[in-house]
Structure formats: structure tokens, C-alpha cells
Amino acid sequence: MLPVTSLSMTLTSAPPHLRVFSPAAVVASCVGFVLMGALQALYGPAIPAFREEFGLSPSAAGLGLSAHFVGGLAGVLLFDRLYGRIGNRQVLGASYLLMAVGAAGFALAPDWPTALAMALLAGLGFGGIDYGLNQLFAVGFGHRSTAMLNILNAHFGIGAILGPALIGAIGSAHYPAVFLGFALANLPLLLCLRGVRDRAPQPSGTPGGSDEGEGGGQSSGPVLARSLGSVLAVFVALYVLHVGIEAGVGGWEPTHLATVGYGAGFAATATSVYWLMMTVGRFLVAPIALRYSAQTIITVSCAGMTVCLLLAAVPVPAPYAYAGVGLFIAPIFPTGLPWLHRAAPRARRAGALVIAASMAGGVVAGPALGKAIEWSGVRTVPLLLGAVSALCLAAALWLIRSTRPR
């Protein structure tokens with residue numbers, strides 16, 4: 001893992017009166033994303049314990065994560081309304097407290113309806129942190145924002161790996177202790193909010209507000225060649241589609257690999273490698289983002305993702321191709337936000353739209369892909385996802401043309 005403290009010192013080298021985050025606040029934000037990733041990933045491994053404790057069916061037990069996502073979507077929309085009206089510290093502080101109270105309440109809930117309500121509350125805080133920190137990182141580091149957003153979101157992946165590992169180590173029956181531990185770990189982060197600037201700078205057409213890398217060579221603050229509504233719609237489509245691919249590979253890779261002849265244990269391990277490569281990819285792209293533009297990174301990512309998904313249709317290289325998908329898909333979410341802020345600096349709610357769209361993509365992907373697989377069979381999973389990836393590439397190319405300065 002990259003040394004976060006040295007990165008934060010390097011990438012917060014702006015004059016003190018322009019800084020949105022102190023170095024300590026950068027580190028605390030990354031720790032917050034580790035906790036978010038762990039919390040989201042804890043629900044699945046704890047399902048056997050939910051079912052035994054509350055006498056639930058598999059579908060009822062799965063509602064815990066659904067409630068968390070519904071709360072997350074509501075949190076994004078709610079805190080978008082509050083963003084700019086109250087200080088950033090208050091927004092983030094309330095979000096950390098909601099996530100902590102919700103996680104603790106989930107651990108101590110006496111019955112399943114109460115547990116679902118607490119999961120919804122934890123998701124509300126989760127959405128506020130997700131929206132607030134992504135929004136502030138997208139505008140808070142100038143042309144280094146793309147690199148910093150990739151580092152921030154990579155820490156989410158670290159938490160998503162650590163959470164299930166911890167449940168596996170101590171046993172799902174002890175899930176309340178794990179949820180309580182992660183809830184308490186949120187509280188010290190409140191002390192670091194003093195290092196967050198209460199009023200962040202607005203995206204602008206100045207060079208300091210650009211997301212371009214030092215070698216990007218394009219001016220910032222472009223006049224859109226297309227209508228703002230069309231550009232936002234295609235950005236939303238890009239986010240919905242790529243998160244759908246992310247969730248689709250994570251959910252169907254084990255089944256596809258087992259169908260083409262791999263053992264269940266190997267298929268599960270290969271899926272873990274896919275998630276690991278997503279985390280690694282975000283760390284790897286951070287220094288690249290200082291030299292190349294967001295447009296270039298996303299275009300290459302979409303093209304590489306498409307090639308890897310088509311290659312995954314061939315049984316022999318399929319596990320390695322899925323790992324490649326994880327590597328290429330990794331930068332799209334964090335890298336697109338600074339590009340969006342530069343392309344549409346006056347669209348205040350643009351960030352909320354695409355973050356909410358990313359959550360919606362994860363919700364819609366399951367049933368939509370499941371219905372397509374019913375028609376065409378499990379062996380077509382990588383081809384179906386490859387077609388969606390080609391649409392992501394087309395969307396990226398359209399956005400490059402439409403946001404080019406006149």
C-alpha cells in the first residue's frame with residue numbers, strides 16, 4: 001500500500017489559505033473510507049448468523065445490505081441538499097455519527113425490523129460520507145484531485161477486503177462485536193474534522209481548478225459544445241453502466257468460472273483477486289493521473305475493460321482476464337468526478353447525480369443481468385458485460401468530443 005502520510009504531505013502542498021484538507025484530515029478521510037468499505041462488506045459474511053439468530057430466509061437476510069444501499073442513496077441526496085448551506089465539518093461529522101450509531105444499533109438490535117432500520121441509518125451516514133468526501137476531494141486539490149480521489153477510493157477496497165476477513169477469522173456468530181468495533185472506530189475521526197475547510201472552493205475555469213494532469217495539455221473550464229443536460233445524462237449513463245459491470249463481475253464471475261470447468265474454491269479465489277485488483281488499480285493510477293488527463297485515463301480504462309471481458313469468454317485465460325477487468329475498471333469512478341466538475345462547473349448537483357447513479361447501477365445490475373442470463377445462458381456472462389463495456393467506451397468518447405473547449 002502507498003504511504004498515505006507522505007502522499008498527503010506531497011499532494012496538499014497548496015498555500016495554507018487555499019487548502020481544503022490538512023494532512024491529518026487527508027489521512028482521516030482515507031481511514032473513513034476503509035471503515036465504509038468494511039461496513040458494506042460485513043453484511044454478506046454475517047448472513048448465516050442473521051438467519052440463525054432471527055430465523056430468516058435467505059432473501060430476508062439479504063435485505064440487510066439492501067437497506068444499507070437504500071440509506072446510502074438517501075444519504076447522497078439529503079446531504080447534497082445540505083452541501084453549501086451548512087459547513088463541511090457539520091455534514092461530515094453528522095455522517096460519521098449516523099454511520100456509527102447505525103452500525104452499533106445493528107449489532108445490538110433485538111429483532112430483525114429494528115436491525116433493518118439501523119442498517120438504513122448506517123447507510124444514511126455512509127451516503128453522506130461518500131458524497132461529502134468525494135465532492136471535496138474532487139475540488140480540493142486542483143490538478144491533483146484525480147490522483148487523490150483514486151487514493152481515497154482505493155482505501156474503500158482495503159476495508160472491503162479486511163471486513164470479511166475479520167468475520168472469517170472470528171466467526172459469523174460474533175458479528176455484533178465486529179459491527180460495534182467499526183462503529184467505535186468512527187468516533188476518533190470527528191477530532192480530525194478541524195482540518196477540513198468549512199467552505200470549499202467552487203470548481204472554476206482557473207488552472208488550479210482543473211483536473212488535468214501536468215501533461216494533459218488542455219485548458220480547463222471548457223464551454224460545452226453540447227447542452228449541459230446531454231452531458232450530464234451521458235455522465236450518469238457512464239456511471240450506471242460501469243458500476244453495473246463492477247457488480248456483475250463480482251456477482252457472476254464465480255458462477256461463470258464454475259460453468260466453464262473451474263472448481264468452486266478456485267472460482268471464489270479468482271473473484272477475490274478481481275476485487276483486490278480494483279484496489280491495486282486505484283493506487284497504481286494515482287501517479288499516472290498527475291501526468292495524463294482524466295479523459296485519457298477513462299478512455300484507456302474502458303477500452304482495456306472491454307478487451308478483458310471479451311477475453312474472459314475463452315475458458316483458459318478467463319480468471320486472468322477478470323483480474324484485468326478489475327485493474328481497468330478501478331480508476332473510472334474516482335477519475336470521472338474531477339472531469340465532471342471541470343466540464344460542468346456550474347452544475348452544482350452534478351456530483352450527487354453521478355454518485356447516486358453509481359449506487360443505482362449496483363441495484364439494477366443484478367436483476368437486469370439475471371434476466372439476460374436466463375435468455376442466453378451463463379457462458380455468455382462476459383460477452384453481455386463486454387457489450388455494456390463497449391457502451392461505456394462510446395460514452396467516454398462522446399464526452400471527450402462534447403466537453404472539448406471551442
Quiz item: Within the range 57-89, can you find the residues that are closer than 15 Å to GLY125 by Cβ and without any contact (Cβ under 8 Å) to a residue 40 or more places away in the chain?
Solution: LEU82
Exercise. Being under 18 Å from ASN153 (Cα atoms) and either in a helix (DSSP H, G or I) or touching a Cys at 6+ places or on another chain (Cβ under 9 Å) (or both) narrows it down to one of VAL300, VAL285, so name that one.
Key: VAL285
Exercise. For the range 390-406, name all the residues that are open to solvent by less than 40 Å² (accessible area, probe 1.4 Å), over 19 Å from VAL307 (Cα atoms) and among the aliphatic types (A, V, I, L, M).
Key: LEU399
Practice problem: Kindly list, by first and then second residue, each pair from a residue in the range 311-324 that is more than 13 Å from TYR262 (Cα to Cα) and touching a residue at least 24 places away in the same chain (Cβ under 8 Å) to a residue that is open to solvent by 10 Å² or more (accessible area, probe 1.4 Å) and of a type in the set (Lys, Arg), limited to pairs with Cβ atoms under 8 Å and residues at least 6 apart or on different chains. | Solution: ALA313/ARG379
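Got at least one residue in the range 63-73 being within 24 Å of MET359 (Cα to Cα), out of contact with any helix residue (DSSP H, G or I) (no Cβ under 9 Å at 6 or more places or on another chain) and modelled with pLDDT under 85?
Checked the range 63-73: no residue is within 24 Å of MET359 (Cα to Cα), out of contact with any helix residue (DSSP H, G or I) (no Cβ under 9 Å at 6 or more places or on another chain) and modelled with pLDDT under 85.
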Quiz prompt | Pair list, Cβ < 9 Å and 6+ apart or interchain, from the range 28-56 residues that are modelled with pLDDT of 85 or more to residues that are β-branched (Val, Ile, Thr) and not in a helix (DSSP H, G or I) | solution = ALA28/VAL196; SER29/VAL196
Quiz item: Is it the case that LEU310 is assigned to a helix (DSSP H, G or I) and closer than 30 Å to GLY62 by Cα?
Solution: no
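Please go through the range 64-101 and pick out each residue that is open to solvent by less than 50 Å² (accessible area, probe 1.4 Å) and of a type in the set (Gly, Ala, Ser).
GLY64, ALA67, GLY71, GLY72, ALA74, GLY75, GLY87, GLY93, ALA94, SER95, ALA100
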Practice problem: Quickly run through the range 360-369 and pick out the residues that are modelled with pLDDT under 75 and more than 20 Å from the chain's Cα centre (by Cα). | Solution: PRO367
Quiz item: Could you say which residue among ALA160, ALA177, ALA183 is on the phi < 0 side of the Ramachandran plot, surrounded by 21 or more Cβ atoms within 10 Å (Cβ to Cβ), assigned to a helix (DSSP H, G or I) and modelled with pLDDT of 90 or more?
Solution: ALA183
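The rows are residues; the columns are (1) closer than 16 Å to THR259 by Cα; (2) modelled with pLDDT of 85 or more; (3) out of contact with any Asp or Glu (no Cβ under 6 Å at 6 or more places or on another chain); (4) open to solvent by 20 Å² or more (accessible area, probe 1.4 Å).
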residue	(1), (2), (3), (4)
LYS371	no, no, yes, yes
ARG379	yes, yes, yes, yes
LEU383	yes, yes, yes, yes
VAL388	no, yes, yes, yes
Practice problem: State whether the residues of the range 345-368 include one that is crowded, with 18+ Cβ neighbours inside 10 Å and closer than 15 Å to THR296 by Cα. | Solution: no
Quiz item: Quick one: which of SER210, SER204 is open to solvent by less than 20 Å² (accessible area, probe 1.4 Å) and either at pLDDT 80 or above or out of contact with any strand residue (DSSP E or B) (no Cβ under 7 Å at 6 or more places or on another chain) (or both)?
Solution: SER210
Practice problem: Among the residues of the range 251-292, count how many are open to solvent by 70 Å² or more (accessible area, probe 1.4 Å) and among the charged types (D, E, K, R). | Solution: 1
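The values are calculated or read from the model by the stated rules, or taken from the named source; none is laboratory data. The structure displayed is predicted, hence computed values, not measured ones. Methodologically, a virtual Cβ is constructed for each residue, glycine included, from the backbone with ideal geometry; neighbour enumeration extends over all protein chains shown. Protein only, heavy atoms only, side chains kept; ligands, DNA and RNA dropped before computing areas. Shrake-Rupley method; radii C 1.70, N 1.55, O 1.52, S 1.80 Å.
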